[in-house]
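Heads up, the thing below is written out as structure tokens.
Computed from the coordinates by the stated procedures, all read-outs in this text should not be read as laboratory data. On a predicted model such as this, the values are computed, not experimentally measured, just so you know. Every residue, glycine among them, receives a Cβ derived from its backbone with ideal geometry; neighbour counts consider all protein chains shown.
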């Protein structure tokens, strides 16, 4: 079970097509699946009734995860948007990326481990 939540999730779903290796496959990793943002709760293919090695997993759709974010060119302020790349990396660059959530604290340029509020707001 993911242990990097600052504020635990209240809404979780079973998802298919999660990565089995690399970014998004481990417990606590940020993921984007079927248009939803979340954090992998158990790691892909692990958990109650889910066979090892499958692409199924449970993802948290809300809460605050403490995770690495690549902060480029400009420092982050609290509530600044955080984006996810197609490779599952969080950063503060909107170009070619998808909104994932919002910074829960400020962060300087570089790869910083910070709290990120997961967002699945419609039209965000």
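Treat the count of other C-beta atoms within 10 Å as a stand-in for reagent exposure and order 99, 18 from fewest to most.
By the 10 Å Cβ count, ascending, the order reads 99, 18.
Quote the relative contact order of the chain in percent (integer), defining contacts as alpha-carbon pairs under 8 Å separated by 6+ residues.
So the answer I get is 24 percent.
P(r) of segment 64-118 in 5 Å steps, Cα pairs, percent per bin?
Calculated over all Cα pairs of segment 64-118, the distribution is 5, 25, 38, 26, 6 percent.
Return, for the Cα atoms of segment 5-60, the radius of gyration and Dmax in Å, separated by a comma.
10.0, 29
Just rank 80, 104, 29, fewest to most, by other beta-carbon atoms within 10 angstrom.
Taking fewest neighbouring Cβ atoms as first place, the list is 80, 104, 29.
Using all alpha carbons of the chain, what is the percent of pairwise distances in each 10 Å bin, ordered from the shortest bin to the longest?
The percentages, shortest bin first, are 15, 49, 30, 6, 0.
What share of the DSSP beta bridges in segment 1-123 is antiparallel, in percent to the nearest 5?
So the antiparallel bridges in segment 1-123 amount to around 95 percent.
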